[in-house]
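Reviewing the structure listed below.
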Amino acid sequence: LTYPLIGNYGIPAEEFDENNLSKHFESNHKIWVSGLIVGEICETPSHWRQKQTLHEWMVQHKIPGIAGIDTRALTKKIRENGTILGKIVQSVDGPFVGLEFEDQNKRNLVAEVSTKKIITYNPKGSPRICAVDCGLKLNQIRCFLKRGARVDLVPWNHKLNAKDFDGLFLSNGPG
C-alpha cells in the first residue's frame, strides 16, 4: 500500500448484518491478500470501532507483512517493469529452499475467490438478480438489496438459464 501510514483506524470486530454480510469488510470470512507491504504501520490505532491492530489481525490470519519499505519507489518499479513476483522473507542469507515462485498467471484466481455454492439474499425480493461471483465485493450485494432485489449469488462457472433471473450481474474479478 502506498499511503504513508497504514492501520491508524485499526480493525473492527467481525459483525454481520441481517443478511449475514460482514458489516465492515468487503469479503465474508476470508482475507485474500497473501502478504502486505507498507511504508509505515500504526502501532497505536485510534477509532471507536477498533478491536485489534492491523498487526494483530494479520498474525491471527497468518498473513505476513513488512513495513519500512519505500512503497512509492516499489510502485514506480512495478509500473516501469510490469508485474513482479516477490516474497517476504526474514533473512537475506540463502539458500532459500522452498521459496520457489508460483506464477499467478497459471492459477485460476477467479475459481479460488468465487463462492462454492449458491447463496440467496432476500428470497422474496424483486427483481431477481443473478450475481456471478468472480471476486465480488459485498457492497455490490448490499446495493441490490437496498433496492429490494432478490440476489442469487452463484459460482463463477455456474450454468446460467435466463428463465431463472430478471437481471444478470457479472462481478469484477480478483485484484
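The values are calculated or read from the model by the stated rules, or taken from the named source; none is laboratory data. In this text, all values refer to a predicted model and were calculated from it rather than measured experimentally. Glycine also receives a Cβ, built like all others from the backbone with ideal geometry; neighbour counts cover every protein chain displayed.
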query = Residue check: is Lys30 within 17 Å of the chain's Cα centre (by Cα), within 30 Å of Leu145 (Cα to Cα) and among the basic types (Lys, Arg)?
reply = yes
Hits in the stretch 120-170 - residues which are aliphatic (A, V, I, L, M), assigned to a strand (DSSP E or B) and crowded, with 17+ Cβ neighbours inside 10 Å = Ile129, Ala131, Val132, Val151, Leu153, Val154
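Does Ala131 meet the test of being farther than 21 Å from Lys30 by Cα and among the small types (Gly, Ala, Ser)? Give the steps one after another, and end with the answer.
Working: farther than 21 Å from Lys30 by Cα: no; among the small types (Gly, Ala, Ser): yes.
Against the criterion (farther than 21 Å from Lys30 by Cα and among the small types (Gly, Ala, Ser)), Ala131 does not qualify.
Tally time: how many residues in the stretch 59-77 are assigned to a helix (DSSP H, G or I) and either out of contact with any Leu (no Cβ under 7 Å at 6 or more places or on another chain) or among the aromatic types (Phe, Trp, Tyr) (or both)?
Pass one, the stretch 59-77, residues assigned to a helix (DSSP H, G or I): 59-60, 71-77.
Filter once more, keeping what is either out of contact with any Leu (no Cβ under 7 Å at 6 or more places or on another chain) or among the aromatic types (Phe, Trp, Tyr) (or both): 59-60, 72-77.
Number satisfying all stated conditions: 8.
I'd like the residue in the stretch 1-16 that is part of a loop (DSSP other than H, G, I, E, B) and touching a residue at least 40 places away in the same chain (Cβ under 8 Å) and, out of all such residues, is surrounded by the most Cβ atoms within 10 Å (Cβ to Cβ). Talk me through it step by step, then tell me what you get.
So in the stretch 1-16, the residues part of a loop (DSSP other than H, G, I, E, B) come out as 1-5, 7-10, 13-15.
Now drop any that are not touching a residue at least 40 places away in the same chain (Cβ under 8 Å), which leaves 1-2, 7, 9-10.
On the way: Leu1: 13, Thr2: 14, Gly7: 25, Tyr9: 14, Gly10: 19.
Restricting to residues being part of a loop (DSSP other than H, G, I, E, B) and touching a residue at least 40 places away in the same chain (Cβ under 8 Å), the top hit is Gly7.
Which of the residues that make up the stretch 103-119 are among the β-branched types (Val, Ile, Thr) and not in a loop (DSSP other than H, G, I, E, B)? Quick ask: steps written out before the conclusion?
First, the residues of the stretch 103-119 that are among the β-branched types (Val, Ile, Thr): 110, 113, 115, 118-119.
Passing the criteria: Val110, Val113, Ile119.
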message = Here's a check for you: in the stretch 104-128, which residue that is among the aliphatic types (A, V, I, L, M) and within 20 Å of His24 (Cβ to Cβ) is modelled with the lowest pLDDT?
response = Val113
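Hey, does the stretch 47-70 have a residue that's over 21 Å from the mean Cα position of the chain (by Cα), outside the structural domain of Val113 (by TED's automatic domain parsing) and in contact (Cβ under 8 Å) with a residue 40 or more places away in the chain?
Here is the first cut: in the stretch 47-70, the residues over 21 Å from the mean Cα position of the chain (by Cα) are 47-48, 68-70.
Subsequent filtering for residues that are outside the structural domain of Val113 (by TED's automatic domain parsing) retains 47-48, 68-70.
Now narrow it down to the ones that are in contact (Cβ under 8 Å) with a residue 40 or more places away in the chain: none.
The answer is no; no qualifying residue exists.
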request  = Go through the residues of the stretch 52-68 one by one and say whether even a single one is under 27 Å from Leu136 (Cα atoms), surrounded by 12 or more Cβ atoms within 10 Å (Cβ to Cβ) and polar (S, T, N, Q).
outcome  = yes
Residues of the stretch 87-121 that turn out to be farther than 30 Å from Asp152 by Cα and touching a residue at least 24 places away in the same chain (Cβ under 8 Å), as a count = 2
key: Residues (in contact with a Pro (Cβ under 9 Å, 6 or more places away or on another chain) and aliphatic (A, V, I, L, M)) located in the stretch 39-77   = Leu54, Met58
